[in-house]
Amino acid sequence: MPLRCLDDAGRSLDASLLTTPEWAALTATNRHVRHLRTTCCGAPLVLKTSRLGTRFFAHLALGGCSSGDEGPEHLHLKALSVAAARAAGWTAEAEVSGATPAGEPWRADVLATKGRHRIAIEVQWSPQADDVTRARQARYAASGVRGLWLFRQAVTADADVPAVRVRGSLATGLTILDLSAADFLAAVFDRRLRFGFPVGTTAEATVAGSVARCWGADCGALVRVVTAVDLAAGGSSCHLPVAELGATPTLLAVTSGLPADPLRGRLRMGRDESIAARCFACDRPLTPRPGSAGRFVVARVALTVTPVLVAEIVAAPGYAPAWGITTVASTRANA
Ligand SMILES: [Zn+2]
Ligand SMILES: [Zn+2]
């Protein structure tokens, strides 16, 4: 469902930039003389308005053009992308064709331009294999264009391929990363879609705890124990069981900076640099049962991501980077 078409003089017409009288006049003229053509295959077309009020051009005859298969969600996301880009001061057009310096053609659902920056937004409602996505991304990269993929399918986290999953429906609202599609796209053009734990953004460390009974026969104290630290920023997470905190001094420091709790076991580093909690009463090492009923959140702490923190967590087994909307630390401080 194209948002753009060509008239008989080869001029590009953008459905979202036409006024209501212009749209009505164009509809009447095209009905009589069929002077408009699609940009995809040059076929005659009709003017339509979706149930959500988005104006678009549709092939007069169905079949024979792959672009004609786009569904209403595809149309809606394209229109939202164009609107978000323009609202952020970018130049944006739907259905833009280009080619790499080597002559490989591409066609972007939406191409947004600001200064030297060019972003192609691709709505991919039908399944697409990861190697196909990477090949199409490489074609954009060769043309100096950054591709962003809005997939219906689950996405594979890849630092080189910005990709997110679209959930929901037109009836209930399309969402991306728990934001409305419009809010997500606004954040994209605010350059807050980032991969992993970008330096200078805000991460949240959740200190998880549990209650363990000290096994010492002469003790038996119920001890509150730190079991793990979960770091989260944007779409990324890193799970660090307490034993692994020896490799992440920044997060170990978070646990030592917690408000005082006389019933919380002290964390001590062993000779192998692994960390274990010890009974507050008798100092014996404690092993909280995994999944025990007494799990709770000890604290949530906001941290600014530093190069040191990133270096500490990238090698952790629980490091799970992904694309997500980040919070810029300085912005937060000024808010
Ligand atoms: Zn076509
Ligand atoms: Zn004890």
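The values are calculated or read from the model by the stated rules, or taken from the named source; none is laboratory data. The model shown is predicted, which means the values in this text are computed figures rather than measured ones. Quick reminder, even Gly has a Cβ in these numbers, built from the backbone with ideal geometry, and neighbours come from all protein chains shown.
A few comments on the model shown:
- The set of residues in region 269-288 being within 16 Å of ligand 2 (Cβ to nearest atom) and surrounded by 12 or more Cβ atoms within 10 Å (Cβ to Cβ) consists of ALA276, ALA277, ARG278, CYS279, PHE280, ALA281, CYS282, ASP283, ARG284, PRO285, LEU286, PRO288.
- Of all residues making up region 178-192, the number that are in contact (Cβ under 8 Å) with a residue 40 or more places away in the chain and surrounded by fewer than 15 Cβ atoms within 10 Å (Cβ to Cβ): 2
- Unique residue being surrounded by 15 or more Cβ atoms within 10 Å (Cβ to Cβ) and away from ligand 2 (no atom under 16 Å from the Cβ) when the list is LEU52, LEU18: LEU18
- Subset of region 95-118 [over 24 Å from the mean Cα position of the chain (by Cα), outside any loop (DSSP other than H, G, I, E, B) and in contact (Cβ under 8 Å) with a residue 12 or more places away in the chain]: SER97, GLY98, ALA99
- Looking only at region 38-49, and only at residues there that are under 15 Å from THR27 (Cα atoms) and in contact with a His (Cβ under 7 Å, 6 or more places away or on another chain), the one that is nearest to ligand 1 (Cβ to nearest atom): THR38
- Strands (runs of 3 or more DSSP E) contained entirely in region 202-249, each with at least 1 residues that are under 18 Å from ASP283 (Cβ atoms) and not aromatic (Phe, Trp, Tyr): 202-213, 222-233
- Leading residue by the ranking (surrounded by the fewest Cβ atoms within 10 Å (Cβ to Cβ)) among those in region 258-267 that are in contact (Cβ under 8 Å) with a residue 24 or more places away in the chain and assigned to a loop (DSSP other than H, G, I, E, B): PRO259
- Subset of region 228-277 that is of a type in the set (D, E, K, R) and more than 18 Å from ALA311 (Cα to Cα) - its residue that is farthest from the chain's Cα centre (by Cα): ARG271
- The residue pairs whose first member lies in region 236-257 and is aromatic (Phe, Trp, Tyr), whose second member is at pLDDT 95 or above, and whose beta carbons are closer than 7 Å, counting only pairs six or more residues apart or on different chains, do not exist in this structure.
- LEU52 vs. criteria assigned to a loop (DSSP other than H, G, I, E, B), more than 30 Å from ALA138 (Cβ to Cβ) and not charged (D, E, K, R): yes
- Apart from one condition, LEU60 fits all of (1) more than 16 Å from ligand 1 (Cβ to nearest atom); (2) in contact (Cβ under 8 Å) with a residue 12 or more places away in the chain; (3) among the aliphatic types (A, V, I, L, M); the exception is (1).
- Counting only residues that are free of Cβ contacts under 8 Å to residues at least 60 places away in the same chain and hydroxyl-bearing (Ser, Thr, Tyr), region 5-26 holds 2 of them.
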